[in-house]
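Trainee: Quick one: the structure is below, and I'll ask about it shortly.
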Amino acid sequence: QVQLVESGGGLVQPGGSLRLSCADSGSSFSVNAMGWYRQAPGKQREFIAGISSGGNTNYADSVKGRFTISRDNAKNTVYLQMNSLKPEDTAVYYCNTVPWAVGSWGQGTQVTVSS
C-alpha cells in the first residue's frame, strides 16, 4: 500500500503559478501510474492529470495546456506544475495511483486562487 504526502499548496493570485509535490513512501512507485486529483468545496473529487510508469501523460480538459505532471522515480515523487491559475482551480489537491487506491489518499494540499 502506498503512503502519499502532498505539499506545495498555498494562496496565489489569478494568473500565478504553483508547483505541487507528492512523495510516496511505498516500494512500488516506479511501476505505478500516478495521478493528481482535486476536490473543490461542494464538488466530487476529480481526476486532473496522470502519468504512466513510462512517462506518458494525460490531462482533464479543464487543465490541459496549463498544468504539467512529471515524476522522478529516483525520488519516489510526482509533481504538478500549475500555471495560469484561475479561481476555479481552488481546491484540495491529492495524488494517488491511477486508478486510485481507496486506502491511499493522503491529506492533500490546499490551493486557493484569489486576488
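Trainee: Find the centroid of the Cα atoms in the stretch 41-115 and in the stretch 1-36, then give the distance between the two in whole Å.
Mentor: Here the two parts' Cα centres lie 7 Å apart.
Trainee: Could I ask something else about it? Could you give me the percent of Cα pairs per 10 Å distance bin for the chain, shortest bin first, beginning at zero and ending with the bin that holds the maximum distance?
Mentor: Percent of pairs per bin, in order: 15, 52, 29, 4, 0.
Trainee: Straight-line reach only, C-alpha to C-alpha below 13 angstrom: list the aspartates and glutamates that LYS43 could link to, leaving out same-chain residues fewer than 8 apart.
Mentor: GLU88, ASP89
Trainee: What's the carbon and sulfur percent of the chain's accessible surface, probe 1.4 angstrom, rounded to a whole number?
Mentor: Using a 1.4 Å probe with all protein chains present, the chain comes out at 47 percent carbon and sulfur.
Trainee: Any idea how far apart ARG19 and ALA74 come out in nm if each label point goes 7 Å out from Cα toward Cβ?
Mentor: 1.5
Trainee: Here's another thing I want to ask about it. Compute the accessible area per residue over the chain, keeping the other protein chains in place, probe 1.4 Å, unit Å².
Mentor: Ligands and nucleic acids excluded, the result is 51 Å² per residue.
Trainee: Okay, next question. Kirkwood Rh over Cα pairs of the stretch 54-101 into Stokes-Einstein at 37 °C, 0.692 mPa s: D in µm²/s?
Mentor: Calculated translational D: 268 µm²/s.
Trainee: For the stretch 1-60, go through all pairs of different Cα atoms, get the mean of 1/r, take its inverse, and jot down that Kirkwood value in Å.
Mentor: 13.3
Trainee: Would you mind getting me the FRET efficiency between SER27 and GLN107? Use the beta-carbon distance for r and R0 = 25 Å, nearest 0.05.
Mentor: Once rounded, the FRET efficiency stands at 0.70.
The values are calculated or read from the model by the stated rules, or taken from the named source; none is laboratory data. These numbers were taken from a predicted model, which means no experiment stands behind them. All Cβ positions, even for glycine, are placed from backbone atoms using ideal geometry, and neighbour counts span all protein chains on display. In case anyone asks, the SASA skips ligands and DNA or RNA and just uses the protein heavy atoms, side chains included. Shrake-Rupley method; radii C 1.70, N 1.55, O 1.52, S 1.80 Å.
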